[in-house]
Amino acid sequence: VEMVEGQQMCEAKSMNWKGMCMKWRKCRQVCISQGFTDGRCKGFTRNCICIKLCFVPSN
């Protein structure tokens, strides 16, 4: 994922991932299928965390 200046990335635990996350490529595929742009295995409990640009409503 390429970071664009001024835009924040948001993270959310994958709703479709089951068990411990040991292979980030598979996690990434699951996250992309959920509409995210990327995914990584993170944390002590090895959760699959999905990543996308945050939506910031304009005024």
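The values are calculated or read from the model by the stated rules, or taken from the named source; none is laboratory data. Note that the coordinates shown come from a computational prediction; the quantities given were computed from them, not determined experimentally. No Cβ is skipped: glycine too gets one built from the backbone with ideal geometry, and neighbour counts run over all protein chains shown.
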*Of residues in the range 1-40 being more than 12 Å from Lys52 (Cα to Cα) and touching a Lys or Arg at 6+ places or on another chain (Cβ under 7 Å), the one modelled with the lowest pLDDT*: Trp24
*Filter the range 35-59 down to residues that are closer than 19 Å to Gln8 by Cα and among the polar types (S, T, N, Q) and give me whichever is nearest to the chain's Cα centre (by Cα).*
Thr37
